[in-house]
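I have placed the structure first, in the form of structure tokens, so that the comments after it can refer back to it.
The values are calculated or read from the model by the stated rules, or taken from the named source; none is laboratory data. For clarity, every value in this text was computed on a predicted model and none was experimentally measured. Reconstructed Cβ throughout: ideal geometry from the backbone, glycine too, with neighbour counts over all protein chains shown. Each accessible area value is taken on the protein alone, full model and side chains, heavy atoms only, with ligands, DNA and RNA left out. Shrake-Rupley method; radii C 1.70, N 1.55, O 1.52, S 1.80 Å.
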Amino acid sequence: MSELAKYAILDTDFVSKANIIKRGDRVLADEVLAFPGYRFFCHQKMKEELDDHGTNEAQAWLQRKTDAGEIICYDDKRIIAELKLRVGTHSFSYYQSFLKSGCDMIEADFYVRYFIALDEWLDSGESDEGGFLSVLESCENAIGHQKSFGEVKAFVLLQVISMLYSAKAFIFCSDDRGARQGFANTAMIPCISILSVFLKLWLLGKPYDEVQLFYQSFVDWCLKRKNPQVTVRVWVYKSGTYNRENVQIKDVLEDIYAGKYEARKDGDLQLKRL
């Protein structure tokens, strides 16, 4: 694999939204998978969340792409197997450490509330893979389907992918700014949001007329939401500091193609300083 290869995780909300935004029969998610030099991964938890909350189209798209090998899907058993090849008997403690860091990223006491049984299992001196996975599954079942924790599993997978390929991985993630800030600022993992995908398309030299059709689909989706969205907040440098300001969503793509924007590490757009 080339040194220029990029490794990226797709999260649930991103895949769901990128399958709503389309140009004719081609969804934005297909444009993302065509980004040169990227290898894409997801966690099995994302499939489960799409089954619970996603559209049929997004579910079918992800299944096709994993079946074709365009997206590599990891479950926890496969993660443990990869860790065992690299750290042997420490695989369970590595997984627990990654899991705890991911939990802490989204909510301070999330790990203690739901996963403390893993600590008890590790402290008992057990070393059976089936036992570890059974305790992990029991913990997750207690969380239930209504509380999403796909970001936690994405974080675990990001750490494993970084270890496997000795490279920093990216995450294509939701428009939940709190989650993106957690990845970017706490875990130092670069994020690509739906909006910054359009910046990426410009940087890749995609013609405006082609991208505009995707963007209009995005604008239409924003307007049709239960609480219609007509503005987006971008970072602007004024009076010696950056602050977020509202701009009209409909105008953003033209400004991207005018070269006015750059992307921040958390996926937000930022107006370039003059």
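Looking at the chain, send over the antiparallel percent of its DSSP beta bridges, to the nearest 5.
On the way: 13 of 28 bridges.
Of those bridges, close to 45 percent are antiparallel.
Put a plus charge on the Cβ of each Lys and Arg, a minus charge on the Cβ of each Asp and Glu, and nothing anywhere else: the dipole of the chain about its Cα centre is then about 1160 debye. Rounded, prolate or oblate: which fits the chain when a ≥ b ≥ c are the square roots of the eigenvalues of the alpha-carbon gyration tensor, with rounded for a/c under 1.5 and prolate only if a/b beats b/c? Prolate shape, in that a/c is at least 1.5 and a/b is the bigger ratio. Solvent-accessible surface of segment 191-274, averaged per residue with a 1.4 angstrom probe and all protein chains in place: 56 square angstrom.
At a probe radius of 1.4 angstrom, the accessible area of segment 12-82 per residue rounds to 43 square angstrom.
Within the full protein context, the accessible area of GLU31 is estimated at about 20 Å² for a probe radius of 1.4 Å.
On full extension of the chain, what length is gained from ASP109 through TYR237, given 0.36 nm per residue of separation minus the C-alpha to C-alpha distance?
Details: separation 128, 0.36 × 128 = 46.08 nm, distance 3.54 nm.
That works out to 42.5 nm of additional length.
Taking every protein chain into account, the 1.4 Å probe leaves LEU10 with about 10 Å² of accessible area, to the nearest ten.
Heavy atoms only, probe 1.4 Å: what % of the accessible area of the chain goes to carbon and sulfur, would you let me know?
Working: 6310 of 13390 Å².
On the chain, the fraction of accessible area on carbon and sulfur atoms equals 47 percent.
For segment 96-160, report the accessible area per residue in Å² (1.4 Å probe, heavy atoms, rounded to an integer).
Details: 3000 Å² over 65 residues.
Per residue, segment 96-160 has 46 Å² of solvent-accessible surface.
Is segment 2-87 best put as rounded, prolate or oblate by its Cα gyration tensor, with a ≥ b ≥ c the root eigenvalues, rounded for a/c under 1.5, and otherwise prolate when a/b is larger than b/c, oblate when not? Mind dumping the intermediate values first?
On the way: a/c = 2.63, a/b = 1.37, b/c = 1.92.
Oblate is the answer for segment 2-87, as a/c is 1.5 or above yet b/c matches or exceeds a/b.
Distance between the pseudo-spin-label points of ASP123 and ALA258 (7 Å out from Cα toward the beta carbon): 6.1 nm.
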